[in-house]
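S.K.: Before I ask anything, let me first share the structure, which is written out below as structure tokens.
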Amino acid sequence: MIRRTCAFIFALLLLNSLAATAQRVVEISARGDSIVADTLRGGLKKEPRAWKLSVGTDVAGAILAVATSYGSYEGNVRLNLRETYFPTVEVGLGVSDYTNDDTHIHYKTSSPFFRIGADYNFIKDKTSGNRIFGGLRYGFTPFKYDVSGPALYDSVYKTYHDFNHKGLSANSHWVELVGGIEAKVWGILHLGWSVRYKMRIAESNTAVGHAWYVPGYGTSGGSVMTGTFNVSIDI
């Protein structure tokens, strides 16, 4: 009887030990699965590269240059810092060939312009490749232009004076407030547009006054609003 009781107690202790061991094995296995899952999730989470470059061009300016009396051919290089900050350099050629229908004064130029500045990407998901940005530019141009028109009549001396000036030199400086969006279309290709509010800082004056069109800025006057349609490629 005593032997059977001891055997029964030993069996109970053995079963209890086996149950505790099995429970421990299950807990360790679950913890291991959790660690593996966390590791996989961490591995799958993408982080934007520290930096990369992109090159692009403004299609809207080129269309205006071909279809209207003024426009620009423009390219840009941007440094992409973790999809957040975008220091940018823009270089272009502003062109105009315009004749006023009322005064018959003809204006012509083909000169370079330069802009430097930066944009900030407001989108929180930096891995999507899409951007909503705002930024600032400083622009300047040393340019030359031709202006001509009908001879001017001097009512005092009753004579005519030619109005034909070529190679007039001028320069202009301005700032731009920039806002826009950009979408990742495929792979390294991005398309986007921007709106730019331009404010003149300084402009030189020539013998015939201010230029009608300033390369990179637009038609002469006060502040102006322009837009761009940009195509860019990551490199």
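S.K.: Scan segment 107-205 for chymotrypsin sites (Phe, Trp or Tyr not before Pro) in coil per DSSP, keeping those whose Cβ has at most 16 other Cβ atoms within 10 Å, and list them by number.
M.R.: Numbers: sites: Tyr107, Phe113, Phe114, Tyr120, Phe122, Phe133, Tyr138, Phe140, Phe143, Tyr145, Tyr153, Tyr157, Tyr160, Phe163, Trp174, Trp186, Trp193, Tyr197; in loops: Phe122, Tyr157.
The qualifying sites are Phe122, Tyr157.
S.K.: Solvent-accessible area of Arg115, probe 1.4 Å, all protein chains present, reported in Å² to the nearest ten, please.
M.R.: In the full protein context, Arg115 sits at about 10 Å².
S.K.: For Asp119, Asp146, write out the residues from largest to smallest accessible area, computed with a 1.4 angstrom probe and no ligands counted. Please report the intermediate quantities before stating the final value.
M.R.: On the way: Asp119 10, Asp146 50 Å².
Listed by decreasing accessible area, they come as Asp146, Asp119.
S.K.: Want the number for Tyr160 to Lys184: 0.36 nm per residue separation, take away the alpha-carbon distance, what's left?
M.R.: 2.6 nm
S.K.: Say R0 is 35 Å: what FRET efficiency, to the nearest 0.05, do Ser223 and Ile123 get from their beta-carbon distance?
M.R.: Calculated value: 0.75.
S.K.: Okay, moving on. Roughly how many Å² of Thr109 are accessible to a 1.4 Å probe, to the nearest 10?
M.R.: Rounded to the nearest 10, the figure is 10 Å².
S.K.: Now, a different point. How much length, in nm to one decimal, is gained on full extension between Phe114 and His173, taken as 0.36 nm per residue of separation minus their Cα-Cα distance?
M.R.: Extra length available between Phe114 and His173 comes to 20.3 nm.
S.K.: Let me ask something else about it. For Thr226, Thr84, give me the order by solvent-accessible area with a 1.4 Å probe, most accessible first, ignoring ligands, DNA and RNA.
M.R.: Listed by decreasing accessible area, they come as Thr226, Thr84.
S.K.: Taking Lys52 as the anchor, which lysines have their alpha carbon closer than 23 Å to its alpha carbon, excluding any fewer than eight residues away along the same chain?
M.R.: Within the straight-line limit of under 23 Å, Lys52 reaches these lysines: Lys124, Lys126, Lys184.
S.K.: While we're on this one: How much accessible area does Ile235 have with a 1.4 Å probe, in Å² rounded to the nearest 10?
M.R.: 120
S.K.: Please state the shape class of segment 89-168: rounded when a/c is under 1.5, otherwise prolate if a/b exceeds b/c and oblate if not, all from the C-alpha gyration tensor.
M.R.: Prolate is the answer for segment 89-168, as a/c is 1.5 or above and a/b outweighs b/c.
S.K.: Here's a follow-up. Please list His161, His106 from largest to smallest accessible area, probe radius 1.4 Å, with all protein chains kept in place.
M.R.: Details: His161 95, His106 55 Å².
Ranked list, largest accessible area first: His161, His106.
S.K.: Separate question: Could you give the nm distance between label points at Asn130 and Asn205, where each point is 7 Å from its Cα heading toward the beta carbon?
M.R.: A separation of 5.0 nm, rounded to one decimal place.
The values are calculated or read from the model by the stated rules, or taken from the named source; none is laboratory data. In this text, all values refer to a predicted model and were calculated from it rather than measured experimentally. All Cβ positions, glycine included, derive from the backbone under ideal geometry; neighbour counts span all protein chains shown. Keep in mind that these areas ignore ligands, DNA and RNA; they rest on the heavy atoms of the full protein, side chains included. Shrake-Rupley method; radii C 1.70, N 1.55, O 1.52, S 1.80 Å.
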